[in-house]
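Heads up, the thing below is written out as structure tokens.
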Amino acid sequence: MRTGLIITSLSCALLLAVVVSLALGKYPVGIRDICNFLLWKIFNTAATFSVDRQLLENILLNIRLPRILAAVFVGASLSISGAAFQAMFINPLVSPGILGVLAGASFGAALGMILSKSWLFVQASCFIFGFLAVMAAVAVARFYKGNTVLLLILGGVISAGLFTSLLSIVKYLADPYNQLPAIVYWLMGGLTFVDAATIRTTAIPVVVGVGLIISLSGYLNVLSMGDEEARAMGVPVERIRIVLIILATMLSAITVVLAGMVGWVGLIIPHIARMIVGPDNRILIPVSALIGALYLVAVDDVSRLLFTTEIPLGIITSLVGIPFFAAVLKRAGRGWS
């Protein structure tokens, strides 16, 4: 009963945040105009507007809605990936970048900016190298015998270090007047370049990835008990872990494609959700996704409106995340028992 109320409340809050965010911007749009526009667009009802309908459609559908949906996708994906990795590796300090996916995706994007002016090429390069980084971490773990979880984490450290070094080389070789500023700005994180085409491309993999992780959340409960206990219960540990790693990697790589490097979301949001609903991943995973989406929509509104010049999203999430995580660190352990 309480869980259903929490999920329903968060869903309503997210929907309200989306509608309010549509109204916010340099060109303010009234809530009444937004509601009338949505009714006209969805149900083809007669409606009157206080501004030109064509202008309103351009602002809402072509500019603001893709950006808001991207914030929802990025927040939910990072949060659900962070929660899955924390349960999988039984470690509250694990984040989506643990296996090197964010470092690999960042290198891929920077390399794409050097090699091509096509934004589609940059996005594809970002996604491919994010997966290659995780494959490198898994390959390192499989090369040695021992504790699988520990070797995966160490493999991730090695992979992240490798691709971070490669990223430094790319930045050193980049044109300091055009390419390097673009790389640095993109690595700060932001949703400036998101458009409707990007949302259409990423919507299906994000929805499928989130849905599959939620459907496997019961296995995460078993994996969080340890490999030996999970095997004793008949769970194919290696197979489930690989599937979850692939899904979480896909979601993490897509967030870099959409928004560049956005830190701390995948680390702090699962802790907040865990303190609210406890350690049961069947509840924790969807709640983390909703809180993460709500959080990033709010942060993106701040980044757009706080000053006349837009602040990169990653800067705000870091400034908020670091002190917040320090504040809740003492209480975070409650949700693990």
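No value in this document is a laboratory result; all are computed from the given coordinates. As the structure is a computational prediction, the values presented were derived from the model and not from experiment. Positions of Cβ are generated from backbone atoms using ideal geometry, with glycine treated the same way; all protein chains shown enter the neighbour counts.
Could you list, in sequence order, all residues of region 289-317 that are touching a Ser or Thr at 6+ places or on another chain (Cβ under 7 Å), part of a helix (DSSP H, G or I) and of a type in the set (V, I, T)?
Those that are touching a Ser or Thr at 6+ places or on another chain (Cβ under 7 Å), part of a helix (DSSP H, G or I) and of a type in the set (V, I, T): I291, V297, V299, I316.
What residue, among those in region 128-164 that are out of contact with any Phe, Trp or Tyr (no Cβ under 9 Å at 6 or more places or on another chain) and of a type in the set (S, T, N, Q), is surrounded by the fewest Cβ atoms within 10 Å (Cβ to Cβ)?
Among residues in region 128-164 that are out of contact with any Phe, Trp or Tyr (no Cβ under 9 Å at 6 or more places or on another chain) and of a type in the set (S, T, N, Q), the one surrounded by the fewest Cβ atoms within 10 Å (Cβ to Cβ) is N147.
Of the residues G278, G292, only one is on the phi > 0 side of the Ramachandran plot and either touching a Phe, Trp or Tyr at 6+ places or on another chain (Cβ under 7 Å) or touching a residue at least 12 places away in the same chain (Cβ under 8 Å) (or both); which?
G278
Given the conditions (1) in contact (Cβ under 8 Å) with a residue 12 or more places away in the chain; (2) at negative phi, which single one is not true for G25?
Of the numbered conditions (1) in contact (Cβ under 8 Å) with a residue 12 or more places away in the chain; (2) at negative phi, the odd one out for G25 is (2).
I'd like the full set of residues that are more than 9 Å from the chain's Cα centre (by Cα), of a type in the set (A, V, I, L, M, F, W, C) and part of a helix (DSSP H, G or I), limited to region 259-288.
Result: L267, I268, I269, I272, A273, M275, I276, V277, I283, L284, I285, V287.
Report every pair of residues separated by at least 6 positions or lying on different chains whose Cβ atoms are under 7 Å apart, first residue within region 130-144 and touching a residue at least 12 places away in the same chain (Cβ under 8 Å), second outside any helix (DSSP H, G or I).
Partner pairs satisfying both residue conditions: A133/G100; V134/G100; A136/G100; A137/G100.
Considering only region 238-271, state which residues are over 21 Å from I128 (Cα atoms), of a type in the set (V, I, T) and either buried (at least 19 other Cβ atoms within 10 Å of the Cβ) or free of Cβ contacts under 8 Å to residues at least 12 places away in the same chain (or both).
V265, I268, I269
Could you check, for region 283-291, whether at least one of its residues is crowded, with 24+ Cβ neighbours inside 10 Å and either closer than 29 Å to F121 by Cβ or hydroxyl-bearing (S, T, Y) (or both)?
Yes, region 283-291 contains a residue that is crowded, with 24+ Cβ neighbours inside 10 Å and either closer than 29 Å to F121 by Cβ or hydroxyl-bearing (S, T, Y) (or both).
Taking region 222-237 as the region of interest, how many residues are in contact (Cβ under 8 Å) with a residue 12 or more places away in the chain and either out of contact with any helix residue (DSSP H, G or I) (no Cβ under 7 Å at 6 or more places or on another chain) or assigned to a helix (DSSP H, G or I) (or both)?
5
Filter region 133-152 down to the residues that are of a type in the set (G, A, S) and within 22 Å of the chain's Cα centre (by Cα), then identify the one that is nearest to A253 (Cα to Cα).
Ranking the candidates gives A133 first.
Y219: in a helix (DSSP H, G or I) and touching a residue at least 40 places away in the same chain (Cβ under 8 Å), yes or no?
Considered against the rule, which asks whether it is in a helix (DSSP H, G or I) and touching a residue at least 40 places away in the same chain (Cβ under 8 Å), Y219 comes out as no.
I want to confirm something. Restricting to region 174-212 and keeping residues that are of a type in the set (V, I, T) and in a loop (DSSP other than H, G, I, E, B), which single residue is surrounded by the fewest Cβ atoms within 10 Å (Cβ to Cβ)?
Selected residue: T192.
Of these, I80, I42, I90, which one is among the hydrophobic types (A, V, I, L, M, F, W, C) and crowded, with 24+ Cβ neighbours inside 10 Å?
That would be I80, the only listed residue that is among the hydrophobic types (A, V, I, L, M, F, W, C) and crowded, with 24+ Cβ neighbours inside 10 Å.
Does V51 meet the test of being within 27 Å of E310 (Cα to Cα) and outside any helix (DSSP H, G or I)?
Yes.
Could you please find all residues in region 95-112 being surrounded by fewer than 24 Cβ atoms within 10 Å (Cβ to Cβ) and in contact (Cβ under 8 Å) with a residue 60 or more places away in the chain?
S95
Filter region 220-237 for residues that are surrounded by fewer than 21 Cβ atoms within 10 Å (Cβ to Cβ) and within 25 Å of the chain's Cα centre (by Cα) and give the result.
N221, V222, S224
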